[in-house]
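Down below is the structure, laid out as structure tokens.
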Amino acid sequence: MKKKALFAFSGLMLTFALVACNGDEESNETVDEAASGGNDSETDSEASAATSGTVTLAGSSAMQPLIGAAAEIYMGEVNTEADIQVQAGGSGAGLSQVSQGQVDIGNSDLFAEEEDNIPHEDLVDHRVAVVGMGAVANPGVGVDDLTQDELIDVWTGEVTNWSEVGGEDVDITLVNRPDSSGTRATFVDYALEGAEPAEGITEDSSNTVRQIVADTEGAIGYLAFSHIDDSVAALSIDGVEPNAENVQAGEFPIWAYQHSYTNGEPDGLVKEFLDYLLSEEIQSTLIPEQGYISVTEMQVERDAEGNETPVE
């Protein structure tokens with residue numbers, strides 16, 4: 001009788017254990033389902049939280065390819081609800097339009113303070129990239145390095161033949177940019193130390209400048225690094241080669257920020273797109289691929305007066 005009672009008791013305990021175990025499994029499944037459902041809900045919430053709307057940018061022609069490429073990636077991979085419209089028109093136009101509220105972002109090769117006719121007190125500067133520039137010559141001139149003083153003498157007309165600076169006996173032909181060019185302003189300020197260039201051929205298109213220099217005996221011009229190729233000779237200055245590494249280190253002087261200005265502090269989609277331009281994804285991949293220099297890799301910085309200091 002005692003044995004029967006013991007067996008009955010043991011069976012009852014086994015039944016309770018099985019039920020408890022099954023209950024735990026069901027409970028775990030319920031928790032897992034809840035967690036899975038919560039993740040799905042969170043993902044859906046994040047997707048639905050994407051900021052929709054339109055951002056209009058205008059200004060620097062030199063910046064248009066970079067900003068346009070970033071906008072395509074952003075709209076295609078980051079925020080499909082966004083419409084980013086990138087227009088050119090020149091730095092002055094971009095600054096004027098953003099100051100008047102006609103566009104959300106004004107792109108410029110120059111600091112807003114350098115444009116006398118643009119009210120800049122409310123404009124906020126977002127430096128998204130750096131462009132390096134260098135003097136380039138026809139490969140036949142026989143020169144690949146100039147001191148800065150020699151470069152100034154060449155561009156101001158004090159030196160008119162390459163033989164005067166150690167090159168071939170060939171007359172110098174200057175290929176300049178129009179007065180309104182941001183590229184010209186940067187070259188005059190940081191290559192020529194403010195000296196006014198002598199008269200020469202005037203051409204705005206970088207591709208055309210490169211072609212003229214490559215095809216014209218004795219020609220010299222200047223280009224952004226992204227436009228320099230083997231058809232022209234890139235000139236060192238005081239023995240320092242024109243390349244991204246030397247610009248970042250503060251060794252090569254001819255460079256400028258690529259500015260994206262907003263009228264006041266940005267918010268919403270405008271801020272999100274500007275943050276994207278400064279993200280690691282863009283700074284470490286697209287910007288060097290486009291021939292620009294990452295602003296986050298600069299070891300020096302400049303203010304609107306041209307004062308250069310180490311990045312802290």
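Any read-out appearing in this document is the output of simple, stated calculations on the displayed coordinates, not a laboratory observation. Treat the numbers as computed from the prediction; the structure is a model and nothing was measured. When we count neighbours, we look across all protein chains shown, and the Cβ atoms used for this are built from the backbone with ideal geometry, even at glycine.
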* Could you pull out every residue, at least 5 positions away or on a different chain, whose amide H is within less than 5 Å of the one on S236? Hs are placed 1.01 Å off N in the peptide plane, and Pro or chain starts have none. => D145, L146
* Towards the positive end of the charge dipole of region 196-312, with charges on Cβ (+1 Lys, Arg; -1 Asp, Glu), say which of F252, V295, T202 has the farthest Cα. => T202
* To do: Determine, from the Cβ-Cβ distance of E245 and E193 and an R0 of 25 Å, the FRET efficiency 1/(1 + (r/R0)^6), rounded to the nearest 0.05.
  => 0.60
* Structure fact -> Amide H contacts under 5 Å for A219, restricted to residues at least 5 apart in sequence or on another chain and with H modeled in the peptide plane, are N138, T173
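Loop only by DSSP, 14 or fewer other Cβ within 10 Å of the Cβ. Give me the GluC sites (Glu not before Pro) in region 199-240 that pass, ordered by residue number. Write out the running numbers ahead of the final one.
Details: sites: E199, E203, E217; in loops: E199, E203, E217.
Hits after loop and neighbour filter: E199, E217.
At most 11 other Cβ atoms within 10 Å and a DSSP loop assignment: could you name the GluC sites (Glu not before Pro) in region 113-160 that fit?
Values: sites: E113, E114, E115, E121, E150, E158; in loops: E115, E121, E158.
Loop-located and lightly packed - E121.
What does the charge dipole of region 136-188 about its Cα centre add up to, to the nearest 20 debye, if the Cβ of each Lys and Arg holds +1 and the Cβ of each Asp and Glu holds -1?
Working: 2 positive and 11 negative charges, 82 e Å.
Dipole magnitude for region 136-188 comes out near 400 debye.
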* **Linear extension gain, A69 paired with T202, 0.36 nm per residue minus alpha-carbon span** => 45.0 nm
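So if we plug the beta-carbon distance of D179 and V78 into 1/(1 + (r/R0)^6) with R0 = 41 Å, what FRET efficiency do we get, rounded to 0.05? If you can, show how the numbers build up before the last one.
Working: r = 39 Å, r/R0 = 0.95.
Once rounded, the FRET efficiency stands at 0.60.
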* **For region 226-312: Kirkwood Rh in Å [reciprocal of mean 1/r, alpha carbons]** => 15.0 Å
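Rank by packing, highest mean first: peptides 279-291, 297-309, with packing defined as the count of other Cβ atoms within 10 Å averaged across residues.
Details: 279-291: 16.2, 297-309: 12.9.
Those peptides, ordered most packed to least, come out 279-291, 297-309.
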* List, in order, the whole-Hz ³J(HN,Hα) value for each residue of region 295-312 obtained from phi through the Karplus relation with A = 6.51, B = -1.76, C = 1.60 and θ = phi - 60°; use x for Gly and Pro. => 5, 6, 9, 5, 9, 10, 9, 10, 9, 5, 8, x, 6, 10, 9, x, 6, 7
* Estimated FRET transfer efficiency (E168, Q299; beta-carbon r; R0 35 Å; 0.05) -> 0.40
* Asked: Under 5 Å between amide H atoms, partner at least 5 residues away or on a different chain: which partners does I84 have, H built in plane at 1.01 Å?
  -> V55
* **Estimated distance in nm for a label pair at S284 and D230, the labels positioned 7 Å out from Cα along Cα-to-Cβ** => 3.1 nm
* Structure fact -> Row for region 132-248, column shape: gyration tensor on C-alpha, a ≥ b ≥ c, rounded if a/c < 1.5 i.e. under 1.5, prolate if a/b over b/c, else oblate; value rounded
* Structure fact -> Between the modelled labels at E113 and E308 (7 Å from Cα along Cα→Cβ) the distance in nm is 1.8 nm
* **For region 162-312, size of Cβ-based charge dipole, Lys and Arg +1, Asp and Glu -1, in debye** => 300 debye
* About the Cα centre, charge dipole magnitude for region 132-248 (Lys/Arg +1, Asp/Glu -1 at Cβ), debye -> 440 debye
* Asked: E158 versus Q100, label points 7 Å from Cα toward the beta carbon: distance in nm?
  -> 4.2 nm
